[in-house]
Every structure is written in C-alpha cells, then in structure tokens.
Amino acid sequence: MKKTILTGLRPTGNLHLGHFFGAGQNYIKLQDDYQFYLEIADVQALTDNFNNPEKVRKNVKEITADLLAIGLNPEKVNFFIQSQIPEIAELTVFYSNLVTVSRLQRNPTVKAEIAQKKELFGEKGESITYGFLGYPVSQAADITAFDGELVPVGDDQLPLLEQCREIVRKFNAIYGVTLKEPTPYLSKTTRIKGLDGNEKMGKSLGNAIYLIDEEETVTKKIMGAVTDPEKIKKDDPANPEKCMVYYYHNLVNSEENCRLVCEECKKGARGCVACKKELITHMNEFLKPIQERRKKYEENPELIEEILKKGTEKAKEKARMQMKKVKEAMKIDY
Ligand code: TRP
C-alpha cells in the first residue's frame, strides 16, 4: 500500500516562484509514489479573509489551475476543497478540547501572522478571532482526516505540524491509538528571496514573480530587481552574492551560464542591464511551458471543476471512514 500524503494551500492568490521552488517541486516529485491528497484550504483562507469571500472563491480555481500548470497530474493527485468535507469541521471541534489557548498563543507561526495582520487583529493582536487562533487545530483535522503520514511543507509550517503531532499523541493517549503522527517533508529550497532582496518572496511584500506573469510584467519586475548597490558604472566589478539578478539566474539558468555570469560580474565585464536582459529571456523560457499548460485549463474551466468535483468525492469517502474510527474511539458512535 502506498503511504498517504496530505498537504494544503490557502486559496488567497496565484502561485509565485517561491511556491514553485518551495513546495511545488516536491509535489511533482512525490506524486508518483504516494497516495496524494491536496487540499485547497478555503476554510483556512477564510480565517483571515472572512470579510472577502469573493476573493477566496475565485482563488480556489486559480490556484488549482496553477498547480495543474506546474505539472501535477490529476490522475495521481487528489485535489479537493476543504469546505466540502464536513468531517474536517467536526474533527476540529473534537480536537479543540485537546489544545490549550496558551499553547496556540505561543505558536510562532500564528504569532508572526497576527503581528502581520494588524488591520484585522489589532495593533497588539487584541482583536484576534477564535477562528484564526484556532486554525492550527483545524489544520490538524485536515491532516488526520486523511490519515496523512507525510506532509510536504515549507519550514514556516513546522510549528503547525508539531501542534498536529501533539494533538495526535494526546488523542491516542486518551481514546486509544487511532491517529497517525504525521511527518513533515521539507523542500530542499524552503524559501526563495524576493526581487528586493527580502528573505521571503510574498504577495504582501510586492516582490514576487508569478507563474502567470506575462513577458512584459517579467521584464518590468526584473529590471527593477536589486543589484549590488556598490556597483555604479557598467564596468565596475561587483559582488554577485549581493545581487538578486544573479540569485535568479541560479534558479532558471544553466550551471555553466551561471558560472560565467558570476565570473564576469566579479571582473566588471558584465553590465547589470545586459545581465538583467539575459535573465528575462531565461525566466520567460522557464515560465512558457507552465503557461502553455495553464492555457488548456483557462480555455476549458469545466476541466478544473470536474477535477475538483471528482477529487472532493474521493476525499469525502476517505474522511468518512476515518471519522467512523474517531467516533468509535471517543465513544460517540451512536
Ligand atoms: N497552512 C498552510 C499554508 O498556509 C495550508 C494548509 C492547510 C496545510 N491545511 C494544511 C498545509 C494541511 C499542510 C497540511 O500554506
């Protein structure tokens, strides 16, 4: 029997290079060898977008199209929509007894997110909602509803995985061994820097290249990317390690070309504008096959609907079976 993978993505925007080189590549690699459930986590997205349901709804399809475009095969990956699986909501209620409020308040991921969302949750997090504070519990329900053993995620998700493992251990200790403790599966490159040199590429930071970006947009963004600030003139020698253009060459250009870029940059034999133009060509080449695959789904949106419908049906079956075990263990199997 193949082991089960469960992972999720919040549908709040399109995928960018950070997603691709982070989790995306892992998904592609893992899809052949595992029973793979991929959750479009719309309920989780609503925890901090409860006032913007249109945005979440639109992005369910957008993100599914992006994932198909990077090469996930819907025959191998079971795409499903979180809100359509009532068992996840039920499990969230049961697990909420096994988690203290202070433990959630100490969760580093949740803490960091509350600090970022001041307009929603207040300057000091004083307006935090029950739902947002509790989303790690709901994420534990996502994972365990499908008996997820392996969870491919970025390192920012490790505290959430740890929270899930704690819930599983507590559940098993009280109600008898029923649930599996999931293991995180980290990406080799867990984080891609932004065009501005920021440690993280992110939508809110405005420093991302999206997989759907057209040539013109890519050109504009790369032309504005941060280079070594000490390089003033075209033939000044510079330090490629301080240059985001070199950093991105390493993602989409060949090893041999990158070596050349590095050498020439250090010698002052390469101007930044020419170097950026070269990167633009390679970036567009990298994005082209992804965008071509995406086009098929853009032109036939009913294909996406069909994939989500079929996947959600299959996910429902699995969650129903798991719920039966949980209710028996908890002695609420009336
Ligand atoms: N919290 C994850 C994110 O923000 C998304 C997610 C939801 C998830 N449910 C999950 C990840 C279950 C792993 C497992 O990206």
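The values are calculated or read from the model by the stated rules, or taken from the named source; none is laboratory data. Just so it is clear, the model here is predicted, and its values are computed rather than measured. Note that each Cβ is placed from the backbone with ideal geometry, even for glycine, and that neighbours are counted across all protein chains shown.
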Worksheet entry | Any hit, segment 150-159, residues being farther than 30 Å from residue 247 by Cβ and part of a helix (DSSP H, G or I) | no
Worksheet, complete the sentence: The condition of being part of a loop (DSSP other than H, G, I, E, B), without any contact (Cβ under 8 Å) to a residue 60 or more places away in the chain and under 30 Å from residue 306 (Cβ atoms) holds, among 126, 75, only for 75
Worksheet item: If you take the residues of segment 162-197 that are β-branched (Val, Ile, Thr) and under 30 Å from residue 247 (Cα atoms), which of them is nearest to the chain's Cα centre (by Cα)?
Response: 190
Worksheet item: Got a sec? Which helices (runs of 4 or more DSSP H) wholly within segment 218-318 have at least 1 residues that are in contact (Cβ under 8 Å) with a residue 40 or more places away in the chain and either exposed (fewer than 12 other Cβ atoms within 10 Å of the Cβ) or out of contact with any strand residue (DSSP E or B) (no Cβ under 9 Å at 6 or more places or on another chain) (or both)?
Response: 244-252, 272-299
Item to complete: Would you mind stating whether residue 157 is within 14 Å of the ligand (Cβ to nearest atom) and surrounded by fewer than 22 Cβ atoms within 10 Å (Cβ to Cβ)?
Response: yes
Discussion item. With the structure loaded, tell me whether residue 50 is among the aromatic types (Phe, Trp, Tyr), out of contact with any Asp or Glu (no Cβ under 7 Å at 6 or more places or on another chain), farther than 24 Å from residue 213 by Cα and in a strand (DSSP E or B) or whether it fails that test.
Written reply: no
Worksheet item: From the residues in segment 129-154 that are small (Gly, Ala, Ser) and near the ligand (Cβ under 8 Å from one of its atoms), which one is modelled with the lowest pLDDT?
Response: 154
Worksheet item: Considering only segment 167-199, how many residues are of a type in the set (Asp, Glu) and either within 15 Å of the ligand (Cβ to nearest atom) or without any contact (Cβ under 8 Å) to a residue 40 or more places away in the chain (or both)?
Response: 2
Worksheet item: Just a yes or no: is a residue in segment 95-110 touching a strand residue (DSSP E or B) at 6+ places or on another chain (Cβ under 9 Å), buried (at least 18 other Cβ atoms within 10 Å of the Cβ) and assigned to a helix (DSSP H, G or I)?
Response: no
Worksheet item: Restricting the first residue to segment 28-42 and requiring it to be more than 18 Å from residue 65 (Cβ to Cβ), which pairs with a second residue that is modelled with pLDDT of 95 or more and among the hydroxyl-bearing types (Ser, Thr, Tyr) meet a Cβ separation below 6 Å and a spacing of at least six or different chains?
Response: 35/4
Worksheet entry | Test for residue 167: is it surrounded by fewer than 15 Cβ atoms within 10 Å (Cβ to Cβ), among the β-branched types (Val, Ile, Thr) and over 21 Å from residue 113 (Cα atoms) | no
Worksheet item: Looking at segment 105-137, which of its residues are over 20 Å from residue 93 (Cβ atoms), under 19 Å from the mean Cα position of the chain (by Cα) and aliphatic (A, V, I, L, M)?
Response: 112, 114
Worksheet entry | Of the criteria (1) at pLDDT 95 or above; (2) within 12 Å of the ligand (Cβ to nearest atom), which one residue 23 fails | (1)
Discussion item. Can you report the number of residues in segment 63-87 which are crowded, with 18+ Cβ neighbours inside 10 Å and within 24 Å of residue 291 (Cβ to Cβ)?
Written reply: 12
Discussion item. Checking the conditions here, which among 308, 251 is in the same structural domain as residue 87 (by TED's automatic domain parsing), closer than 30 Å to residue 148 by Cβ and under 22 Å from the mean Cα position of the chain (by Cα)?
Written reply: 308
